[in-house]
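Please read the structure below before turning to the comments.
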Amino acid sequence: MKISASFLSIKDNLKENIDLLTKCDIDYLHLDIMDGVFVKNKTWNILEIKNLINHNKPLDVHLMVSDVYKYIDEFKELNPDFITFHYEVDLDIMDIINYIKKFNIKVGLSIKPNTKVEEIIPYLPFVDLVLVMSVEPGLGGQQFITNSVDKIKKLKELKGNYLIEVDGGINVQTIDLIKDVDIAVIGSYITSGDYKEKIKMIKEKIYG
Ligand code: DX5
Ligand code: ZN
């Protein structure tokens with residue numbers, strides 16, 4: 001299992017702390033991009049992100065935005081490994097998938113806690129990753145919603161050619177529920193203490 005670290009809950013010295021985080025043993029840096037429309041909160045724009053991050057870790061962009069194309073156009077410039085958008089946006093899903101692919105960036109499709117896996121079945125052959133939200137998007141530090149476990153099971157049973165990523169409420173306890181996913185997004189559990197120590201504890205849980 002790979003770890004994608006979210007810095008959404010870091011409150012102080014953001015740039016320095018993101019630097020620290022990227023020097024840790026993580027596989028991706030997860031960018032939580034919110035527009036204040038698709039979700040209530042608003043995070044960083046592209047200029048702020050460019051100023052905040054250095055490029056020594058692969059990027060995993062999570063767009064919680066309504067105007068998806070505008071953000072793809074901006075964030076593709078960072079050469080991320082993945083751009084993930086939400087199935088719940090009011091746009092043509094297949095068209096967005098094809099748009100991201102044009103830039104040779106892997107496509108992720110995300111579902112909120114109340115969206116069923118069945119709804120996205122038509123798109124599964126065309127995506128590289130499915131992001132199961134295990135909290136309502138918009139905020140770090142929430143509790144893991146356990147219905148995500150059934151969704152992961154369903155996505156596994158469908159045996160598609162996509163990675164499964166889970167995002168929200170993951171810590172040393174809840175990681176036990178999602179041991180067979182490909183990527184775990186972890187935010188506040190890591191950033192609420194000594195990053196290296198927290199990552200070590202998570203890895204001990206993953207690898208025993
Ligand atoms: C929520 C974000 C998540 C979140 C993860 O909208 O997509 O990435 O910040 O943080 P924790 O691990 O604190 O739930
Ligand atoms: Zn996220």
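Take the Cα of GLN143, step 7 Å toward its Cβ, do the same at LEU78, and the gap between the two points is 3.1 nm. Coupling constants for the stretch 33-41 follow from the phi torsions by the Karplus curve (6.51 cos²θ - 1.76 cosθ + 1.60, θ = phi - 60°), and in residue order they are 9, 10, 10, x, 10, 5, 10, 5, 7 Hz; glycine and proline get x. Summing charges over neighbours of TYR28, with a neighbour being any other residue whose Cβ is under 10 Å away from its Cβ, gives -2 when K and R count +1 and D and E count -1.
With contributions of -39500 (n - 2.57) from each DSSP H run of at least four residues, the per-residue ellipticity at 222 nm computed over the chain stands at -8500 deg cm²/dmol.
Carbon-plus-sulfur accessible fraction, the stretch 2-207 (probe radius 1.4 Å, protein heavy atoms only): 48%.
Taking a ≥ b ≥ c as the square roots of the eigenvalues of the Cα gyration tensor, the stretch 22-128 is classed as prolate, since a/c reaches at least 1.5 and a/b is larger than b/c.
Karplus-derived 3J(HN,Hα) values for the stretch 22-32, using 6.51 cos²θ - 1.76 cosθ + 1.60 with θ = phi - 60°, are 6, 7, 7, 7, 10, 9, 9, 9, 9, 9, 8 Hz; glycine and proline are entered as x.
The residues neighbouring ASP67, those whose beta-carbon lies less than 15 Å from its own, together hold a net charge of -4 under the Lys/Arg +1, Asp/Glu -1 convention. Rolling a 1.4 Å probe over the heavy atoms of the protein chains gives the stretch 2-207 an accessible area of 47 Å² per residue.
By a 1.4 Å probe calculation restricted to protein chains, PHE126 has an accessible surface near 80 Å², given to the nearest 10.
Please work out whether the stretch 2-207 counts as rounded, prolate or oblate from its C-alpha gyration tensor, where a ≥ b ≥ c are the square roots of the eigenvalues and a/c under 1.5 means rounded, while otherwise a/b larger than b/c means prolate and anything else oblate? Since a/c reaches 1.5 but b/c is at least a/b, the shape of the stretch 2-207 is classed as oblate. Ranked from largest to smallest solvent-accessible area, with a 1.4 Å probe on the protein heavy atoms, GLU88, GLU118 come out as GLU118, GLU88. Cross-link check: pairs LYS11/LYS50; LYS40/LYS205; LYS101/LYS196 evaluated at a Cα-Cα cut-off of 23 Å; pairs beyond the cut-off: LYS40/LYS205; LYS101/LYS196. The distance linking the stretch 132-189 with the stretch 80-122 is 17 Å (Cα centroid to Cα centroid, whole angstrom).
The values are calculated or read from the model by the stated rules, or taken from the named source; none is laboratory data. What you are looking at is a predicted structure, and each value in this text was computed from that prediction instead of being measured. Glycine gets a Cβ as well: all are built from the backbone with ideal geometry, and neighbour counts include every protein chain shown. Keep in mind that these areas ignore ligands, DNA and RNA; they rest on the heavy atoms of the full protein, side chains included. Shrake-Rupley method; radii C 1.70, N 1.55, O 1.52, S 1.80 Å.
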